[in-house]
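Q: Quick one: structure below, then a few questions.
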Amino acid sequence: MGNYIYPDRDERLTSSLIKSYNETRWNLEEAYVLERVVETVGREKKLDVSMDVGTGFGRLIPFLLSISRKVIAIDADVWRLRKAMESFGSSPNVFFLWTTGSRLDPIPPESVDFINYSHVAQHVAHHELLETLGEFHRVLKEEGWVLFLTTHSEGREMFLVSTDEGAKEIKRDEYEELTLNPVFRQLPVRKFDVQHLESLLRECGFKLVWKVYYHIKPDFAPIADIGGEPSSLKPTEAIKNPSKEVKVIIENLERINSDEKKARKRALDVALLLKKG
Ligand SMILES: C[S@@+](CC[C@H](N)C(=O)[O-])C[C@H]1O[C@@H](n2cnc3c(N)ncnc32)[C@H](O)[C@@H]1O
């Protein structure tokens, strides 16, 4: 862990993938998932403690602060954690910890209400994932939540390495090797088979509350012109008070999710809301 460097250091790989999607729709679909989380955990009373495991630049800290009083942000890459600290370190309710998801020793048992694990599972070795789930189970309170966001394939597990030249399929042991010994600009990506992932999560002591496939592939999504620059959009507000154009995006997402087989083909990512127990 000491010298772990997330190999996508300047974000070129992710942003080139996102470029093939409509940025506005991309952000709105994630906001839809987060809004469903708020509806499920309840908006009247804030939770006590949330943890953001693999916080990166802390992109989702504001969301976690909206549902909980305290946020503990964790990352294995100290450079990325420092970036998150630059943005959110002045908040008295945000605490930072440089560690991996599998080593949460400073966090007492049954002390956390909500864990956000967003797009980290697909970049870690299998044993790291298992140990991380064990740690989540240990630190969560009874009835605690995990929001598990990841990428998946169409019903077949795949391992890829994403480079500046594009993504190429690799063998599972090459994936494991790259996660343990990162190579600059070669990002290992595991695309889960959702059915297997769900069994694994169950075996590790979590029950599924709901699941949403999101980030609908461009061929299956409507062109909805919401006007203005994508950067001027406030996705959370737009989802809460949807315009006609935003409703088109939500309806498409919900229609696709009504048929799981189709959803697996048509969406890049999946959100699983889990409960300990
Ligand atoms: C794709 S980024 C996701 C960032 C953020 N969660 C988000 O959704 O924007 C993956 C992050 O996970 C971190 N990471 C990778 N392996 C980790 C591990 N074993 N424990 C904790 N963080 C890890 C990386 O350093 C990186 O910041």
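The values are calculated or read from the model by the stated rules, or taken from the named source; none is laboratory data. Source: prediction; values computed, not measured. Cβ coordinates were reconstructed from backbone atoms using ideal geometry, including for glycine residues, and neighbour counts include every protein chain displayed.
Q: Taking D269 as meeting all but one of (1) under 16 Å from the mean Cα position of the chain (by Cα); (2) in a helix (DSSP H, G or I), write down the number of the exception.
A: (2)
Q: Can you list residue pairs whose Cβ atoms sit under 8 Å apart, with the first residue in region 1-17 being over 12 Å from D75 (Cα atoms) and the second being within 9 Å of the ligand (Cβ to nearest atom) and modelled with pLDDT under 80? Count only pairs 6 or more apart in sequence or on different chains.
A: So the pair list comes out as D8/T14.
This table checks each residue for (1) at pLDDT below 95; (2) among the hydrophobic types (A, V, I, L, M, F, W, C); (3) closer than 17 Å to H119 by Cβ.
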{"position": "M1", "(1), (2), (3)": "yes, yes, no"}
{"position": "L17", "(1), (2), (3)": "yes, yes, yes"}
{"position": "R25", "(1), (2), (3)": "yes, no, no"}
{"position": "E30", "(1), (2), (3)": "no, no, yes"}
{"position": "L34", "(1), (2), (3)": "no, yes, yes"}
{"position": "V38", "(1), (2), (3)": "no, yes, no"}
{"position": "V41", "(1), (2), (3)": "no, yes, no"}
{"position": "L47", "(1), (2), (3)": "no, yes, no"}
{"position": "S50", "(1), (2), (3)": "no, no, yes"}
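Q: State whether the residues of region 32-47 include one that is in contact with a Phe, Trp or Tyr (Cβ under 9 Å, 6 or more places away or on another chain) and of a type in the set (F, W, Y).
A: yes
Q: Check off (1) on the phi < 0 side of the Ramachandran plot; (2) exposed (fewer than 15 other Cβ atoms within 10 Å of the Cβ) for E143 and give me the number that stays unchecked.
A: Evaluating E143 over (1) on the phi < 0 side of the Ramachandran plot; (2) exposed (fewer than 15 other Cβ atoms within 10 Å of the Cβ) leaves (1) as the failure.
Q: Of (1) in contact with a Phe, Trp or Tyr (Cβ under 8 Å, 6 or more places away or on another chain); (2) of a type outside the set (G, A, S); (3) in contact (Cβ under 8 Å) with a residue 40 or more places away in the chain, L60 satisfies all except one. Which?
A: Failing condition for L60: (1).
Q: Scan region 44-55 residue by residue and report those that are within 14 Å of the chain's Cα centre (by Cα) and either more than 8 Å from the ligand (Cβ to nearest atom) or surrounded by fewer than 22 Cβ atoms within 10 Å (Cβ to Cβ) (or both).
A: At the first step, the residues of region 44-55 found to be within 14 Å of the chain's Cα centre (by Cα) are 51-55.
The answer is M51, and nothing else.
Q: May I pose another question? Under 7 Å by Cβ, and 6 or more places apart or on different chains, what pairs join a residue from region 224-250 that is more than 21 Å from L60 (Cα to Cα) with one that is surrounded by 14 or more Cβ atoms within 10 Å (Cβ to Cβ) and small (G, A, S)?
A: Taking only residues 6 or more apart or on different chains, the pairs are E245/A224; V246/A238; V248/A224; I249/A224.
Q: Check K211 against each of (1) under 18 Å from the mean Cα position of the chain (by Cα); (2) away from the ligand (no atom under 16 Å from the Cβ); (3) surrounded by 19 or more Cβ atoms within 10 Å (Cβ to Cβ); (4) more than 19 Å from T132 (Cα to Cα) and name the one condition it does not meet.
A: With (1) under 18 Å from the mean Cα position of the chain (by Cα); (2) away from the ligand (no atom under 16 Å from the Cβ); (3) surrounded by 19 or more Cβ atoms within 10 Å (Cβ to Cβ); (4) more than 19 Å from T132 (Cα to Cα) applied to K211, the lone miss is (3).
Q: Now for a different question. Filter region 189-208 for residues that are of a type in the set (D, E, K, R) and within 15 Å of the chain's Cα centre (by Cα) and give the result.
A: As a first pass, look at region 189-208 and keep what is of a type in the set (D, E, K, R): 190-191, 193, 198, 202-203, 207.
Within region 189-208, R190, K191 meet the criteria.
Q: Take the residues in region 92-117 that are surrounded by fewer than 22 Cβ atoms within 10 Å (Cβ to Cβ), touching a residue at least 12 places away in the same chain (Cβ under 8 Å) and within 14 Å of the ligand (Cβ to nearest atom), then tell me which one is farthest from the chain's Cα centre (by Cα).
A: Looking at the filtered set, the residue picked out is I107.
Q: Sticking with this structure for a sec: So how many residues does region 165-201 have that are farther than 15 Å from E154 by Cα, part of a loop (DSSP other than H, G, I, E, B) and at pLDDT 95 or above?
A: Final tally of qualifying residues: 2.
Q: Small (G, A, S) and assigned to a strand (DSSP E or B): does that describe S162?
A: Yes.
Q: How many residues, within region 56-75, are more than 12 Å from the chain's Cα centre (by Cα), more than 19 Å from L104 (Cα to Cα) and either modelled with pLDDT under 95 or within 11 Å of the ligand (Cβ to nearest atom) (or both)?
A: The number of residues fulfilling the criteria is 2.
Q: Need the failing condition index for E35 against (1) in contact with a strand residue (DSSP E or B) (Cβ under 9 Å, 6 or more places away or on another chain); (2) surrounded by fewer than 22 Cβ atoms within 10 Å (Cβ to Cβ); (3) of a type in the set (D, E, K, R), just the number.
A: E35 satisfies every listed condition except (1).
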